[in-house]
């Protein structure tokens, strides 16, 4: 199951701009942004929809759990140098991963310690005012996709 799928029978069918349909698990709260028929092309991939759904779900749950005094956040890391990522870099996806890293502002992959530091901030007293947030920490890969020289990065 995806990160945004819920243990619920509330499901809806959404359509992308090309007329393709996909199922969205909504849980107790309807997420109208997922139901818009004009989902941008960049968000049509399964993983992208799941990440967007997760971010929206974090916001919705932050409201619900906030009434109980809880803070709800998520971390969306990019390429982090774990054993799995190292295997992927040496596998069939390696060229694509290297292009993403080269096109990012950081020009490198993240480390598990960097993800842990963000988690510590979110869970600690210093992050007490942060809730309903999906923290994107990908070294600027997403920014390069939206605002960088995408053709140059994708053609390498």
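The values are calculated or read from the model by the stated rules, or taken from the named source; none is laboratory data. What you see is a predicted model, and the numbers here were worked out from it, not measured in a lab. Glycine also receives a Cβ, built like all others from the backbone with ideal geometry; neighbour counts cover every protein chain displayed.
With (1) under 23 Å from residue 148 (Cα atoms); (2) in contact (Cβ under 8 Å) with a residue 40 or more places away in the chain; (3) more than 17 Å from the chain's Cα centre (by Cα) as the list, and residue 71 as the residue in question, which single condition is left unmet?
Answer for residue 71: the failing condition is (1).
In region 109-131, which residues are within 30 Å of residue 97 (Cβ to Cβ) and in contact with a helix residue (DSSP H, G or I) (Cβ under 7 Å, 6 or more places away or on another chain)?
109, 121, 127, 130
Being in a loop (DSSP other than H, G, I, E, B) and surrounded by fewer than 17 Cβ atoms within 10 Å (Cβ to Cβ) is true for just one of 120, 106, 102, 116. Which residue is that?
It is 106.
Matching residues to (1) in a helix (DSSP H, G or I); (2) within 12 Å of the chain's Cα centre (by Cα); (3) modelled with pLDDT under 90:
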{"position": "38", "(1), (2), (3)": "no, no, yes"}
{"position": "47", "(1), (2), (3)": "yes, yes, yes"}
{"position": "50", "(1), (2), (3)": "yes, yes, yes"}
{"position": "54", "(1), (2), (3)": "yes, yes, yes"}
{"position": "57", "(1), (2), (3)": "yes, yes, no"}
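Taking region 72-85 on its own, how many of its residues are farther than 21 Å from residue 140 by Cβ and assigned to a helix (DSSP H, G or I)?
Qualifying residue count for the region: 2.
Could you tell me which numbered condition residue 89 fails, if it satisfies all but one of (1) touching a helix residue (DSSP H, G or I) at 6+ places or on another chain (Cβ under 7 Å); (2) within 25 Å of residue 120 (Cα to Cα); (3) at pLDDT 90 or above?
Only one criterion is unmet by residue 89, namely (2).
Does residue 69 meet the test of being farther than 19 Å from residue 114 by Cα and assigned to a helix (DSSP H, G or I)?
For residue 69, the condition - farther than 19 Å from residue 114 by Cα and assigned to a helix (DSSP H, G or I) - is not met.
Of these, 96, 140, which one is at pLDDT below 95 and surrounded by fewer than 17 Cβ atoms within 10 Å (Cβ to Cβ)?
96
Take residue 132 and decide whether it is surrounded by 17 or more Cβ atoms within 10 Å (Cβ to Cβ), at pLDDT 95 or above, under 26 Å from residue 58 (Cβ atoms) and touching a strand residue (DSSP E or B) at 6+ places or on another chain (Cβ under 6 Å).
For residue 132, the condition - surrounded by 17 or more Cβ atoms within 10 Å (Cβ to Cβ), at pLDDT 95 or above, under 26 Å from residue 58 (Cβ atoms) and touching a strand residue (DSSP E or B) at 6+ places or on another chain (Cβ under 6 Å) - is not met.
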